[in-house]
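Structure first, commentary second.
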Amino acid sequence: MLYQIHELNRAMLTPLTNWAEASAKMFANPISPLAHAPYAQRIAAGYELLFRLGKEYEKPQFEITSTTMQGKQVEIIETTAVSKAFCKLLHFKKNLSDAELKKLKQPKVLLVAPLSGHHATLLRDTVRSLLPNHDMYITDWTDARMVPLSEGPFHLSDYVKYVQEFIRHVGANTHVIAVCQPTVPVMAAVSLMASEKDPMLPTTMTLMGGPIDPRKSPTQVNNLATEKKFSWFENTVIYSVPANYPGFGRKVYPGFLQHTGFVAMNPQHHAQSHWDFYQHLVKGDDQSAEQHRQFYDEYNAVLDMPAEYYLETIKTVFQEFALPAGTWEVDGKLVRPQDIKTVALFTVEGELDDISGAGQTQAAHDLCSGIPAKMKQDFVAPGCGHYGIFSGRRWREIICPKVGEFISKYN
């Protein structure tokens, strides 16, 4: 019933948020008489804050239409390379002739986005920074409430198989980058391909801020998964999609519950951020206010996860530690990272990461014992939190160049 109550509450709030949005514009627009009333700017700021606190946040768009290469603007065309029930593989294609593209010889990069609450657009900065020198693909996971029941379930093993299919589609000499949650299924996908001597094995594998071994430096996220029984997750956070969505009846971990969890991890920070936003509006600091809008347009846009996938991730990754323990099987085949021998490995961690603790991603080096030491690389970004690993100034100025150098070395 919780999902239905949420939808009812959302429907009841919609008129209020629409009114707040209209009122904010009436008190802010200079051609409106109300904009010249006493305290109009404060009133407008209050209405906009009310609007943004109550509105429904839709899935953002990448909005990457061009990139700069050697001082020249090149148009980018976003296309769907592969369309699956639970995911689309997007290709950011440069609008150049085949001859020009062939001459560039840019490395093909498959960026595997997390399926852990936020949309793939959270990696917009990652894509934009890599795009000038790489041929970029990214996984765009579908909101489970939009997937009809007729499409069947989506398991953690399906995630692994999706990754393998996407690697094969991108083709030979693919460079795979996994950010956060997908580091585990990506390693499983590559391990199984190595065990089967698949000729389409990727050339490199870059793992960034992920729970390869959550037993190392456990964080608040890890502790929740180990302190609660598996049955608690089954009975507390899993609900059915209501009738007003295509996925009616599908069991999911709803996005609104995930968002509550995100905020609960640091409520003081978010409260202060919204207060600062109000102050920026009052003072007329449009640039700071717009930065707030852009961040929360992304942060507040969440998706539902398939229940079977979420529960299996909790059990396999965070409770049984099946990957580092060597007990994980996908469709009856044991996941053996030690079978990877020809794929270069690069791990990236943030010094201040409070989601994937220190050493959790570095554990990949011990598990991938078959990769020669000279083909392994590790980097800990100083002063960098979780989101800073793939977005923001530290990503653009420090981490992205290192990832680019690593890929170029083996391309």
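Principal-axis analysis of the Cα atoms of the chain puts helix 40-54 at an angle of about 40° to the longest axis.
Solvent-free Debye calculation, one equal scatterer per alpha-carbon of the range 212-300: log10 I(q)/I(0) at 0.11, 0.17, 0.20, 0.25 Å⁻¹ equals -0.53, -0.92, -1.01, -1.20. With neighbour counts taken as other beta-carbon atoms within 10 Å, the residues E21, E397, E234 rank, fewest first, as E397, E234, E21. Taking Cα centre as origin and charging only the Cβ of basic (Lys, Arg, +1) and acidic (Asp, Glu, -1) residues, the dipole magnitude of the range 211-351 rounds to 440 debye.
Each peptide in 303-311, 334-342 was scored by the mean count of other Cβ atoms within 10 Å over its residues; highest first, the order is 303-311, 334-342.
Evaluated with a Cβ-only charge set (Lys, Arg +1; Asp, Glu -1), the chain carries a dipole of roughly 660 debye about its Cα centre, given to the nearest 20. Projecting the Cα atoms of Q220, Q287, A44 onto the charge dipole of the chain (Cβ charges, centred on the Cα centre) puts Q287 farthest toward the positive pole. In straight Cα distance, which aspartates and glutamates are under 17 Å from K229, not counting same-chain residues fewer than 8 positions off? Within the straight-line limit of under 17 Å, K229 reaches these aspartates and glutamates: E308, E312, E320. Considering only M12, F86, Q106, the residue lying farthest towards the positive end of the dipole of the range 12-106 is Q106, judged by Cα position with unit charges set on Cβ. Diagonalising the gyration tensor over the Cα atoms of the range 177-239 and scaling each eigenvalue by 5 before taking the square root yields semi-axes of 30, 15, 10 Å, largest first.
Given a Förster distance of 45 angstrom, what is the FRET efficiency for A373 paired with A243, based on the Cβ-Cβ distance and rounded to 0.05? Each step should come with its number before you reach the end.
Values: r = 57 Å, r/R0 = 1.26.
Taking R0 as 45 Å, the efficiency between A373 and A243 is 0.20.
FRET efficiency for the A85 to A40 pair, using the beta carbon distance and R₀ = 60 Å, is estimated at 0.75. Remark: for residue pairs K59/K88; K108/K409; K228/K333; K161/K315; K59/K161, the C-alpha separation exceeds 22 Å in K228/K333; K59/K161. Fewest-first ordering of V147, V380 by other beta carbons within 10 Å of each residue's beta carbon gives V380, V147. The length gained by stretching the chain between H6 and D285 to full extension, at 0.36 nm per residue less their Cα-Cα distance, is 97.0 nm. Each Lys or Arg adds one and each Asp or Glu takes one away; over the other residues whose Cβ falls under 14 Å from the Cβ of N9, this sums to 0. Packing here is the average count of other Cβ atoms within 10 Å per residue, and on that basis the peptides 343-353, 39-49, highest first, run 343-353, 39-49.
So how much slack lies between T260 and K59, counting 0.36 nm per residue of separation and subtracting their Cα-Cα distance, in nm? Present the calculation step by step, with values, prior to reporting the outcome.
Numbers: separation 201, 0.36 × 201 = 72.36 nm, distance 1.73 nm.
Fully extending the segment from T260 to K59 adds 70.6 nm.
Each Cα pair under 8 Å and six or more residues apart adds its separation to the average, and for the chain the resulting relative contact order is 18 percent. As a rough footprinting exposure proxy, the listed residues H259, H386, H118 were ranked by other beta carbons within 10 Å of their own, and the order from fewest upward is H259, H386, H118. Among S408, G152, V252, flag the residue with its Cα farthest along the positive direction of the charge dipole of the chain, charges on Cβ as +1 for Lys/Arg and -1 for Asp/Glu. About the Cα centre, the residue reaching furthest to the positive side is S408.
Backbone geometry of the range 284-296 corresponds, through the Karplus equation with coefficients 6.51, -1.76 and 1.60 at θ = phi - 60°, to 3J(HN,Hα) couplings of x, 7, 5, 5, 5, 5, 5, 4, 4, 4, 4, 5, 6 Hz, x marking Gly and Pro. With the Kirkwood sum run over all distinct C-alpha pairs, the range 241-289 has a hydrodynamic radius of 13.5 Å.
Of interest is the spacing of the C-alpha centroids, which for the range 262-327 and the range 66-83 amounts to 28 Å. Per residue, the convex hull spanned by the Cα atoms of the range 101-213 measures out at 122 cubic angstrom. Here the range 1-108 is treated with +1 on each Lys and Arg Cβ and -1 on each Asp and Glu Cβ, and its dipole about the Cα centre works out to around 540 debye. For K197, the aspartates and glutamates whose Cα falls under 19 Å of its own Cα, not counting residues fewer than eight places away in the same chain, are E165, E329, D331, D339.
Since every read-out is calculated from the coordinates, none of them should be taken as a lab result. Every value quoted in this text rests on a predicted model; they were computed, and no experiment measured them. Cβ sites come from the backbone with ideal geometry, for glycine too, and all protein chains shown count toward neighbours.
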